[in-house]
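FYI, it's all coordinate maths here, none of it is from the lab. This one's a predicted model, so the numbers in the text were calculated from it and none came from an experiment. As a convention, Cβ positions derive from the backbone with ideal geometry for all residues, glycine included, and neighbour counts pool all protein chains shown.
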């Protein structure tokens with residue numbers, strides 16, 4: 001399980017780096033950008049030390065988690081429908097935890113200045129910057145999915161891998177600064193690129209990542225100009 005997890009995380013984040021490089025160095029999808037500002041490839045390289053450190057933390061904690069909490073993954077694969085339920089449940093719990101943590105980091109000035117402000121150096125985010133956060137914030141965010149799996153009473157390894165792909169690819173895309181596919185208008189509760197880009201540009205509101213209804217229900221949803 002650990003080998004598959006490591007390969008999966010490396011592949012996903014290689015995609016994140018290539019996507020970021022294509023935008024910053026080769027101006028890929030320039031006409032689809034949400035904001036007019038264009039980040040430089042050098043800025044991407046400057047961000048890489050912290051990004052690589054956090055990626056290493058992600059991999060190490062996943063390996064440790066699988067080794068010491070292996071009982072969570074003992075649930076056998078049941079069906080694709082049940083795996084979908086497992087993934088959805090973990091995503092819901094994870095995103096609610098993220099919403100609470102994220103909002104708290106904005107509303108508590110000391111925590112914002114010392115920890116979360118690092119991530120908001122990215123006023124105009126690029127894909128790989130989903131990993132550009134304070135290590136304490138990064139590790140705190142991992143509580144969400146673990147809590148979801150614990151409350152579920154276990155999860156199949158297939159569903160866990162599916163969760164990793166969906167969650168990380170989604171994070172890469174909402175930090176891309178590229179307009180969302182028109183298909184997403186048919187899924188109004190799903191956090192699109194514009195929803196999170198507004199948060200980065202205004203540094204407030206839109207605290208949810210995956211499901212925008214948390215912001216709607218808790219009155220923190222904001223719109224762009």
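Output the Cα-based Rg and Dmax of region 132-187 in Å, rounding Rg to one decimal and Dmax to a whole number.
14.2, 37
Where the Cα atoms of region 104-161 are projected onto their three principal axes, how long is each span, largest first, in whole Å?
38, 26, 15
In percent, what relative contact order does region 57-176 have, based on Cα pairs under 8 Å that are 6 or more apart in sequence?
43
As an exercise, find the ratio Rg/Rh for region 1-124 from alpha-carbon atoms, using the Kirkwood inverse-distance average for Rh.
My calculation puts Rg/Rh at 1.02.
Above 23 angstrom, tally the Cα pairs of the chain and express them as a % of all pairs, no decimals.
Summing the P(r) of the chain above 23 Å gives 47 percent of all pairs.
Using a simple spin-label model with points 7 Å from Cα along the Cα→Cβ vector, what separation in nm is obtained for residue 166 and residue 67?
Here the answer is 2.9 nm between the modelled labels.
Given the DSSP H assignment, sum -39500 (n - 2.57) over each helix run of at least 4 residues in the chain and divide by its residue total; what's the result at 222 nm in deg cm²/dmol, nearest 500?
-19500 deg cm²/dmol
Using the Cα atoms of region 102-225, I'd like the radius of gyration and the largest Cα-Cα distance, Dmax, both in angstrom.
Radius of gyration, then largest Cα-Cα span, for region 102-225: 14.8, 44 Å.
In nm, to one decimal, how far is the modelled label at residue 117 from the one at residue 216, with both set 7 Å along Cα→Cβ?
3.5
Restricting things to alpha carbons, tell me how big region 152-224 is in terms of Rg and Dmax, in Å.
13.5, 40
Just need the relative contact order of the chain here, percent rounded to a whole number, with Cα pairs under 8 Å and 6+ apart.
It comes to 26 percent, rounded to a whole number.
Between helix 2-24 and the chain, what is the angle of the helix's C-alpha long axis to the longest principal axis, kept within 0 to 90° and rounded to the nearest 10?
Its long axis makes an angle of about 10 degrees.
So if I take the centroid of the Cα atoms in region 155-187 and the same for region 66-90, what is the distance between those two points in Å?
For region 155-187 versus region 66-90, the Cα centre distance is 18 Å.
Compute the Cα gyration tensor for region 44-92, then decide on rounded, prolate or oblate, letting a ≥ b ≥ c be the square roots of its eigenvalues: rounded whenever a/c is under 1.5, prolate when a/b is larger than b/c in the other cases, and oblate in all that remain.
It comes out oblate by the Cα gyration axes.
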